[in-house]
Amino acid sequence: MTVEQQIHNLREQLDKYNYQYYVENNPTISDFEFDRLMRELQDLEAEHPEFHDPNSPTMRVGSDVSNGFRSVEHSFPMLSLSNTYSLDELGEWIERIEREVENPEFVCELKFDGTAISLTYEHGRLLRAVTRGDGTRGDDVTENVRTIRTIPLVLKGQGYPDFFEIRGEIFMPYSSFDRLNAEREAAGEQLLANPRNAAAGTLKQLQSQVVAKRGLDCTLYQLSGENLSYTSHIESLNSARQWGFKISEHVTICKNRNEIEEYIKHWDTERKSLPYATDGVVIKVNRFSDRKILGSTAKAPKWAVAYKFKAEQALTRLLKVTYQVGRTGAITPVANLEPVLLAGTTVKRATLHNADQIAALDIREGDMVYVEKGGEIIPKITEVELSERAADSKPLEYITHCPECGTELVRYEGEAKHYCPNQSGCRPQILGRIVHFIRRKAMNIETLGEETVELLFDNGLVKCIADLYDLREEQLSVLPRLGEKSAANIIQNIEASKQIPFHRVLFALGIRFVGETTAKYLAAHFQSLDAIISADRESLIEAEEVGGKIADAIIEYFADEKNQIIINRLREAGIKFEAERKQIQSQVLAGLNFVISGSFDNHSRDELKALIEAHGGKNLAAVSANTSYLLAGHKIGPAKLQKATKLGVQIISEEDFIEMIGNDVTNADSTENAPNTAVKFDVEDKTPVNSSNTKSENEPAAQTPIQGSLF
Ligand code: IVH
């Protein structure tokens, strides 16, 4: 047998075992044997790169190369569904269908609560995976999707069209979600709100090997393509199942309103025992000929509707409202409840968000309140049962002073939350900043847990982040619960943190609104802390994803004398306040000056700047007689274009530029400093980050202290 045949056979076998294990839940060989075959294939592929195949089962482990998410147009739009919470409305929809087509047949399916995906297959092989995006264009997330074991990379059986698209939902089963959150809790990181956000965020991870570890799953619910030979939805799903796709086993034909309502009633209860989240039932017309008659609006097909389940609610008493102080001084009111069972867990606390929320609900201590989970891990109070309110109940008075340090609270313009302004003297704020600084994603001084930070603070050894670098082993080893070994470990970790790259240091400082993503953009744009410190508001806003609110917070942070002292001490300690110099890849652009303007399809502006430098060119801020090229993207200002034309500066597109550097874009997305424009959702921060041409004003300030610690 030739090596090529050997590789081919191993791939076929592994695909089969993979399908049996992940889709059918029916493994036929031991894990050990599976791993052995996998290693054999890996070795052969490593020795024979000429047989590389992106759809080989070895590709499912992902890679550490940063993915760029190209924006891709859908071959036909990904519509959404009209939805209803009312059985009466659903009844009207069914009647309308029954009026318009003869003897319609319906198919009922579970509505999976994840994120939509469109998979394209060519000659039985996965070609592309694209997110829904805005329905017309989505992000190409193929590399990440390849790591999802239930998605076939190569189809089984035969009879599949040469070219087709299949759409479905990528979701995170509860088991993976719980494991992920347990890991995050142990690492002192913010918990993810729900499996839906976790799935969507994971899919946008820049490194596919992270995705591979997160345990995503995928169910498919719609096959499309030209000249499909099926006459009904059910038929097409049954075929897709035979080609190796995971199709829900709960897809059922229903003849009429009664049967549909039965299905809904059954699953409204039974879904609680499913291993994944669902938020409703999708009812579709089965026959394609009927669908054609019914047609679609611009937004949604008329032949399908989603019936959404109501979020689970429970009625309980609000015993007391307490207040938590976060690392930035933000106050979060917390409802302490009489324990009540809700969606399988006992709820004792719920977030009340802020004073406005309390006023809007007119919530009072002693009230009976409705608590809802609605897919979030933190329950919320949706309503007060006024009929049960005590006659002598009094409106709740929001606190005016910090519950921890007694300082009068302030409310900044446009902010819903109250803040304790005593940053340097309020215990939870000081501790919160230190705990944030040592987080794994920040300075990674993990051995120093939250408890030890408190211990060090209470013993007067660490009062701010800079104090960490003055700690000595003998000061630590005498503390209760700390022996010599852990003391040595901590000191070693602190020492190692001096190698942490600049963008993480910037994140670790805990500047308001500067989350992980913003820190990356800032570092990529300014390259050093000094450049950020000396930048004015206008220049700060020039960095991608930085809006006025973030710029103001940065200026405020560095204007504070106490912070200046801390920064100087950190500098003396040897913390990295400069981005690593980019590797020079070539000199093809030597002597050329570029001005970049507008937004681009495949790279962020900072990535393009990095590429210019990596190939020996220079970036200029404005068009002048010195400019060799204006690299123009979308939405470039007309004044800039005019000036360039007047001065005879050559205007080039992103494609022209990439061609100039011989398509060598490796330095753009391999450097950790240059975030990719396509990261529209930052899971770690749970914050939607706007695309490159809009400024994001909403990166999270600090974590609300509530998560992880209380719930
Ligand atoms: S059919 C044109 N079936 O729900 C109709 N969608 O709210 C395409 N979803 O964007 C959708 N489970 O992401 C369909 N069994 C199911 C579904 C489902 C979940 C999602 C899908 C869609 C969203 C609409």
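Observations
- Residues in the range 607-636 that are assigned to a helix (DSSP H, G or I) and either touching a Leu at 6+ places or on another chain (Cβ under 8 Å) or open to solvent by less than 10 Å² (accessible area, probe 1.4 Å) (or both): Glu607, Leu608, Ala610, Leu611, Ile612, Ala614.
- Test set (1) part of a loop (DSSP other than H, G, I, E, B); (2) more than 16 Å from the ligand (Cβ to nearest atom); (3) under 28 Å from the mean Cα position of the chain (by Cα); (4) crowded, with 19+ Cβ neighbours inside 10 Å - Met78 fails condition number: (2)
- Residues of the range 271-296 that turn out to be within 11 Å of the ligand (Cβ to nearest atom), more than 26 Å from the chain's Cα centre (by Cα) and farther than 18 Å from Thr252 by Cα, as a count: 1
- Top-ranked residue of the range 278-299 - restricted to ones that are part of a loop (DSSP other than H, G, I, E, B) and open to solvent by 10 Å² or more (accessible area, probe 1.4 Å), ranked as nearest to Ile260 (Cα to Cα): Gly295
- Annotation: of all residues in the range 114-139 being within 18 Å of the chain's Cα centre (by Cα) and open to solvent by 70 Å² or more (accessible area, probe 1.4 Å), the one that is farthest from Asp279 (Cα to Cα) is Asp134.
- Number of positions in the range 550-587 that are in a loop (DSSP other than H, G, I, E, B) and of a type in the set (D, E, K, R): 5
- Yes/no for Thr345 being out of contact with any strand residue (DSSP E or B) (no Cβ under 8 Å at 6 or more places or on another chain), open to solvent by 50 Å² or more (accessible area, probe 1.4 Å), away from the ligand (no atom under 16 Å from the Cβ) and under 30 Å from Gly432 (Cα atoms): yes
- Condition check for Ile596: surrounded by fewer than 18 Cβ atoms within 10 Å (Cβ to Cβ) and among the hydrophobic types (A, V, I, L, M, F, W, C): no
Residues are listed down the side, and each one gets a yes or a no for (1) open to solvent by less than 10 Å² (accessible area, probe 1.4 Å); (2) modelled with pLDDT under 95:
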{"position": "Leu448", "(1), (2)": "yes, yes"}
{"position": "Gly460", "(1), (2)": "no, yes"}
{"position": "Gln475", "(1), (2)": "no, yes"}
{"position": "Phe502", "(1), (2)": "yes, no"}
{"position": "Leu506", "(1), (2)": "yes, no"}
{"position": "Thr518", "(1), (2)": "yes, yes"}
{"position": "Ala523", "(1), (2)": "yes, yes"}
{"position": "Leu529", "(1), (2)": "yes, no"}
{"position": "Ala543", "(1), (2)": "yes, yes"}
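- When Asp470 is tested against (1) open to solvent by less than 40 Å² (accessible area, probe 1.4 Å); (2) modelled with pLDDT of 95 or more, only condition (1) is not met.
- As a summary of the residue check, Lys111 satisfies the conditions (1) open to solvent by 40 Å² or more (accessible area, probe 1.4 Å); (2) outside any strand (DSSP E or B); (3) closer than 27 Å to Val285 by Cα except for the one numbered (2).
- Tally of residues being within 16 Å of the ligand (Cβ to nearest atom) and either among the small types (Gly, Ala, Ser) or part of a helix (DSSP H, G or I) (or both) across the range 173-226: 11
- Across the range 243-274, the number of residues qualifying as open to solvent by 30 Å² or more (accessible area, probe 1.4 Å), over 30 Å from Tyr160 (Cα atoms) and assigned to a loop (DSSP other than H, G, I, E, B) comes to 1.
- Residues (assigned to a helix (DSSP H, G or I) and closer than 18 Å to Arg149 by Cβ) located in the range 37-64: Leu37, Met38, Arg39, Leu41, Gln42, Pro57, Thr58, Met59, Arg60, Val61
- Test result for Leu90, within 16 Å of the ligand (Cβ to nearest atom), hydrophobic (A, V, I, L, M, F, W, C) and open to solvent by less than 40 Å² (accessible area, probe 1.4 Å): yes
- Taking first residues from the range 112-138 that are at positive phi and partners that are part of a loop (DSSP other than H, G, I, E, B) and away from the ligand (no atom under 13 Å from the Cβ), the Cβ contacts under 7 Å between residues at least 6 apart in sequence or on separate chains come to His123/Asp162; Gly124/Leu155; Gly124/Tyr160.
- Val101 being more than 23 Å from Ile253 (Cβ to Cβ), β-branched (Val, Ile, Thr), in contact with a strand residue (DSSP E or B) (Cβ under 8 Å, 6 or more places away or on another chain) and in contact (Cβ under 8 Å) with a residue 40 or more places away in the chain: no
- Restricting the range 139-172 to residues that are polar (S, T, N, Q) and farther than 28 Å from Asn602 by Cβ leaves a set whose member that is farthest from the ligand (Cβ to nearest atom) is Gln158.
The values are calculated or read from the model by the stated rules, or taken from the named source; none is laboratory data. All figures in this text were calculated on a predicted structure; none of them were measured in a lab. Backbone-built Cβ (ideal geometry, glycine too); neighbour counts: all protein chains shown. When the accessible area is computed, the model is the full protein with side chains, heavy atoms only, and any ligands, DNA or RNA have been set aside. Shrake-Rupley method; radii C 1.70, N 1.55, O 1.52, S 1.80 Å.
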